[in-house]
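The values are calculated or read from the model by the stated rules, or taken from the named source; none is laboratory data. Nothing here was measured: the structure is a model prediction, and the numbers come from that model. Counting neighbours? That spans all protein chains shown, and the Cβs are built from the backbone with ideal geometry, glycine included. The protein model used for the area step is the full one, side chains on, heavy atoms only, and it has no ligands, DNA or RNA in it. Shrake-Rupley method; radii C 1.70, N 1.55, O 1.52, S 1.80 Å.
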Amino acid sequence: MIQIKNKRDSVKKIKELKLNNFPEDVFSTSDLVSIEKFFKKYSAEEYCMRTTSKAKGQFFFVKDFQECKALLSKFKDEVTICVSYNPYKEDIVLVGDIKVSRMSSGDIVDIVARTDPEATQRNIYDDPEYNYHASLDDDKVWKIPGFSKIMNYIVEHELYDMIIEFIVYDIKVGINKENVVIVEIRTDY
């Protein structure tokens, strides 16, 4: 079984499985050369910086390498930097966390999600539009906009028994240019 203990493990596993995501990597806060290369390689309107060790840790949006460099002291040893999805907010269909558990009695889905463009992984639990623990055979989950796309992605990539932070878009985005972006996968944190 896959074990994902932190953001570093998640980034590594997403790359290993070749899942669609926005460019992202984990850096030592002292490795300015690699951080600057990331900014040059992935030119974007906005980037995110966040802690690697815990959920809902430090989080900042920055426009360029100089803004990033000024904030590195806020992080202990490592920082995750990724291209922000904010420029694609109007194209969001569904943002959420989902876990599909394989059970002998049938697959169970746990999903917390929202469809509004202001939804993020940080706020979906505050005011969820959808918050279901249900059988995969339950019609109500299939009525969620974008649910069939995230389910097809889970089946295609065999992403069972783990929490998946995802975004479904009505356009193709991310490294693989797909409608589903995997933000993070978790098992242990």
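Cut-off 13 Å, label point 7 angstrom out along Cα-to-Cβ of Ser28: give me the residues of the stretch 74-110 whose amide nitrogen falls inside.
Those under the cut-off are 77-79.
How would the stretch 60-100 be classified by its alpha-carbon gyration tensor: rounded, prolate or oblate, with rounded meaning a/c under 1.5 and the a/b versus b/c comparison settling the rest? Write out the running numbers ahead of the final one.
Numbers: a/c = 4.36, a/b = 1.66, b/c = 2.63.
Judged from the Cα gyration tensor, the stretch 60-100 comes out oblate (a/c at least 1.5, b/c at or above a/b).
Sequence gap at least 6, Cα distance under 8 Å: using those rules, report the relative contact order of the chain to the nearest whole percent. Mind dumping the intermediate values first?
On the way: 366 pairs, mean separation 50.6, N = 189.
Taking the mean separation of contacting Cα pairs over the length of the chain, I get 27 percent.
In the full protein assembly as shown, how much of Phe22 is accessible to a 1.4 Å probe, in Å² to the nearest 10?
Solvent-accessible area, nearest 10 Å²: 20 Å².
Tell me the net charge near Lys63. Cut-off is 15 Å between Cβ atoms, Lys63 excluded, with +1 for each Lys or Arg and -1 for each Asp or Glu. Walk me through the numbers on the way to the answer.
Working: positive: Lys40, Lys69; negative: Glu36, Glu45, Glu46, Asp64, Glu67.
Around Lys63, the surrounding residues sum to -3.
Go ahead and set up a Gaussian network model of the chain, Cα springs under 10 Å, then flag whichever of Gln66, Gln58, Gln121 fluctuates most.
Of Gln66, Gln58, Gln121, the Gaussian network model singles out Gln66 as fluctuating most.
Which of rounded, prolate, oblate describes the stretch 42-110, given a ≥ b ≥ c as roots of the alpha-carbon gyration tensor eigenvalues and a/c under 1.5 marking rounded, otherwise prolate only if a/b is larger than b/c? Kindly include the intermediate steps, with their values, before the conclusion.
Details: a/c = 3.99, a/b = 1.78, b/c = 2.25.
Taking the square roots of the gyration eigenvalues as a ≥ b ≥ c, the stretch 42-110 is oblate.
Can you tell me the orientation of helix 147-157 relative to the chain, as the angle in degrees between its alpha-carbon axis and the longest Cα principal axis, to the nearest 10?
Orientation of helix 147-157: about 70 degrees from the principal axis.
For every helix of n ≥ 4 consecutive DSSP H residues, a contribution of -39,500 (n - 2.57) applies; sum these over the chain, divide by its total residues, and give [θ] at 222 nm rounded to the nearest 500 deg cm²/dmol. Before the final figure, lay out each step's value.
Working: 5 runs with 42 residues, N = 189.
Estimated from H runs of four or more residues: -6000 deg cm²/dmol.
Round to the nearest 10 and give me the degree value, 0 to 90, for the angle of helix 7-16's Cα axis relative to the longest principal axis of the chain.
70 degrees
Under the classification rounded if a/c is under 1.5, otherwise prolate if a/b is larger than b/c and oblate if not, where does the chain fall, given a ≥ b ≥ c as square roots of the Cα gyration tensor eigenvalues?
On the way: a/c = 2.03, a/b = 1.69, b/c = 1.20.
Note, shape of the chain comes out prolate.
Accessible area of the stretch 1-81 with a 1.4 Å probe: how many percent of it is carbon plus sulfur?
Working: 2320 of 4690 Å².
Of the solvent-accessible surface of the stretch 1-81, carbon and sulfur hold 50 percent.
In whole percent, and with a 1.4 Å probe on the protein chains, what portion of the accessible area of the stretch 131-182 is carbon and sulfur? Write out the running numbers ahead of the final one.
Values: 1190 of 2630 Å².
Roughly 45 percent of what the probe reaches on the stretch 131-182 is carbon or sulfur.
By how many degrees, between 0 and 90 and to the nearest 10, does the Cα long axis of helix 32-41 differ from the longest principal axis of the chain?
The answer is roughly 60 degrees.
Using modelled backbone amide H atoms (1.01 Å from N, in-plane), which distant-in-sequence or interchain residues come within less than 5 Å of Gln121's amide H?
Amide H to amide H, under 5 Å and 5 or more residues apart or across chains, Gln121 pairs with nothing.
Count neighbours as other Cβ atoms within 10 Å of each site's Cβ, and list the GluC sites (Glu not before Pro) in the stretch 102-189 that are DSSP loop with at most 13 such neighbours.
Values: sites: Glu118, Glu129, Glu156, Glu158, Glu165, Glu178, Glu184; in loops: Glu118, Glu129, Glu158.
Here the sparse-neighbourhood loop sites are Glu118, Glu158.
How many Å² of accessible area per residue for the chain, probe 1.4 Å?
Working: 9810 Å² over 189 residues.
With the other protein chains kept in place, the chain gives 52 Å² per residue.
What do you get for trypsin sites (Lys or Arg not before Pro) in the stretch 27-62 restricted to DSSP loop and a cutoff of at most 10 other Cβ within 10 Å of the site's Cβ?
Working: sites: Lys37, Lys40, Lys41, Arg50, Lys54, Lys56; in loops: Lys54, Lys56.
For trypsin sites (Lys or Arg not before Pro) across the stretch 27-62 that sit outside H, G, I, E and B with at most 10 neighbouring Cβ atoms in 10 Å, the list reads Lys56.
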